Structures are given as structure tokens and as C-alpha cells.
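Input: a single structure, listed below in C-alpha cells.
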Amino acid sequence: MAMPPPEDKKGEERLLGTVNYMAKFIPNLSSISEPIRKLLKKDKHSQFGLGAVVTQRGKLIAYASRSLSEAESRYAQIEKELLAVVFGLERFENLTYGQHVTVFSDHKPLEAILNKPICLSPPRLQRMLIRLHKFDFTLNYKKGKNMFISDMLSRAYLKEKNVVDEQIEKDIHLYVNQIRDSWNVKDYKLKQIEAETSRDIDLQDLKKQTLEGFPAKRNNLRRNLHEFFTNSEELSIQGDLILKNTKIIIPQTMRNEMLQILHSSHAEIEKNKPKPAIPAKARQELEARQQKQKVFFDRYAKPYKQDFKKGDKVRVQLKDKWIDGRIDDKHQTRSYWNNTDSDQAMYWRNTRFIRHDKSPPAPPA
């Protein structure tokens, strides 16, 4: 496809939109288009600092900022945003505890997280939300361009950390490890999932997008990440694993294997020795007998060809012998009353035990 090189922002967006539409036909598109995407990238978030401002009736009261630790700098963007809320409320606890306060954030997905049950959040967010339970606050979204002071503090942050900040980091780390230990997955299987995740191109794109933060519109995402847009606030990174809430996102190469494990029989049943298989010939014979029984006894099956009328001369099976008789009347759909010649008794029999008497009549005496 021949196109002129882009000369402005609109041209770059047009080129990326066209390329993303054909993403499945272009290998390694993420690395190829990285230089162009960097030109369009808006540096909206600080990657290494937190900032908070306390105001009352529009008057500035207090400021605070701190740097992120090495571990915190690897948090997903939504985790950094909620960490900033925890930092602000706990740093100024003497002002915020026991009072209803309004918290403004420029990260809109936080509103969805706070309105969901804690159990539906990723592990780090769960621990932060638990720490926020002691505060009475309402979180409202505010555009970043209107939060210039806290944004400036998060970029020009102080590098020292106090005891409370260090305790928050330790508390979150211990809780995440506790969640990880609760997974019923063997260590070797976790390592296999981590290795396959690192080789999965789509999941590596997802990991990078989760760390940077998702855009406000789905169309600004690569097509292979569209399915994750709706629940983007539930994604987090744990080592080399990508989590949705507390569940591991399985790489494409291992999904069939995991489905087989999930759909396998109950463990206690699997431990029992299986019964020997029925030979094919015996199975066919059993099925043939079942069909034969259906013909004779199933009143809802197709009509049986052998039919009798009143007065027909027949032979009737009684125990292990056949005796002469005549049809007296119909009993049910596939059975008849029979009057036997030998003892003049009346029996009802299924058509399976009745046969037309085709013997020639006896010669006259």
C-alpha cells in the first residue's frame, strides 16, 4: 500500500489506525510501530512519584509528595493511582480521619473499582481498599489538566519516605504473597505459565498496556487488546504473570491443556480403577438386543409388522413349549388375549410369544 509519510499528528494517527486494522497480518507490529506511538504518547502520569494536596473551600492547607520504591514503580498504572489515594489519606490522617472528605483523581477507572466488591479487584488493590475502609470519603473524577498542583508534586517529588509509607509497601507485598500462596497450582506449572506468558506476543502487549494504563477509548488500543478494555481496571501484574482479579490469565498455548484439566472427571473418581471396556462385538450385540426389545415392548415405537385379528389360529409360548390357540381379543398395543386349545384357558401374551400357525388343516376323519 503506497501512502505519503505522515507530516503532522493527524497523519500519524491515520497511519496507526490503518496499520492496527491490519494488525493480524503484520508480525511484530508492536515493536515496529513503537517509534510512531512514542510521538503520540501523552506523558499524563508520573512513573516514579506520588503527590497529594489538601484544600478546604478552595484554600490550600497542606502538600505532600514522595518517590515510589523500585517495587512500586512496577505496579500497574491503576495500582499507582489508588496508592496515591492511600498515600494522601494516610499522610494527612489527622485531617481526614473521622471526617467525610472528597478525593479527586484524574484516573476515572478508580470510580469503578470503588463501586465493586473488594473480591473482584486484583490483590494489590484489595489490600489498598482494605486500608481505605477506615476513611469516610467520596472519590470523584477530575481531569488531569485541572489538578496541576498534585500533578506537579508527583513529578517533582521528595525522595525520602517515612515509616508509614514503608509499612504500606510491606503490607501490600505480604498480602499479595498470601494470595499467590493460596493458588492451587504447583510451582513447576507456575513457572511454565510464566515462561509461556513471556513468549506470548499478545500478553506482552497486554502487560505493557497494563503498566502504562489503558486509554479512555477502545479505538485507541491495538485490536488484539480490545477484549480486555471493558475490565481493564481488574488487570494487574504479578511477577511475569498477568492477573484478572486474583485469577491468572493463561497464555494461548496452554489454554487447551487447562480446559482438559477443568473438564476432567472428579479427582476421587479418577483415582478408582476404570472398569474394563466392553468388546466392540459384544457392544453391537447388546445394542441389537435393545432395539429388538424396543420393537416388541415399546408402545411408542414404530408399529410392529406382525399383526393378529380375532379368531386367528396361532401358536402361543407357555414357559418352554408352544401350544395351539386362537386370538380372542387385543389386550394392549402389542399384546393379545389367547384361548388355548389344550386347556381352554385364557392367556395374554406379547406379540413376541405369539406366532401365526401356518400348518395345514388336519384332514377330515
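Per-residue packing, averaged as other Cβ atoms within 10 Å, sorts the ranges 218-227, 103-112 into the order 103-112, 218-227, beginning with the highest. To the nearest 0.05, what FRET efficiency results for E93 and K217 with a Förster distance of 22 Å applied to their C-beta separation? Approximately 0.05, to the nearest 0.05. Between the listed residues I168, N184, L153, the Cα displaced farthest toward the positive end of the dipole of region 83-242, a dipole computed from Cβ unit charges relative to the Cα centre, is found at L153. Rounded to the nearest 20, the size of the Cβ-charge dipole of region 83-240 about its Cα centre is 360 debye, with Lys and Arg at +1 and Asp and Glu at -1.
Among the listed pairs K10/K142; K116/K145; K207/K247; K134/K247, those with a Cα-Cα distance over 18 Å are K10/K142; K116/K145; K134/K247. Computed extension length for E34-K247: 73.7 nm, one decimal, from 0.36 nm per residue of separation with the Cα-Cα distance subtracted.
Here the label points at A345 and R199, each 7 Å from Cα along the C-beta direction, are separated by 7.9 nm in the simple model.
Under the shape rule built on the C-alpha gyration tensor, where the axes satisfy a ≥ b ≥ c, region 146-236 is oblate, since a/c reaches at least 1.5 while a/b does not exceed b/c. Dipole magnitude for region 68-166: computed about the Cα centre from +1 point charges on Lys and Arg Cβ and -1 point charges on Asp and Glu Cβ, it is near 260 debye. Normalising the Debye intensity of region 48-134 to I(0), with uniform scatterers on Cα atoms only, and taking log10 at q = 0.14, 0.23 Å⁻¹ returns -0.50, -1.30.
Each Lys and Arg contributes +1 and each Asp and Glu -1, all at the Cβ; summed about the Cα centre of region 199-253, the dipole is approximately 140 debye. The packing ranking of peptides 84-95, 244-255, 7-18, highest mean first, is 84-95, 244-255, 7-18, where packing means the average number of other beta carbon atoms within 10 angstrom of each residue.
Taken together, the values in this text are just the output of simple stated rules run on the coordinates, not laboratory data. Values in this document were obtained by computation on a predicted structure and should not be read as measured data. No Cβ is skipped: glycine too gets one built from the backbone with ideal geometry, and neighbour counts run over all protein chains shown.
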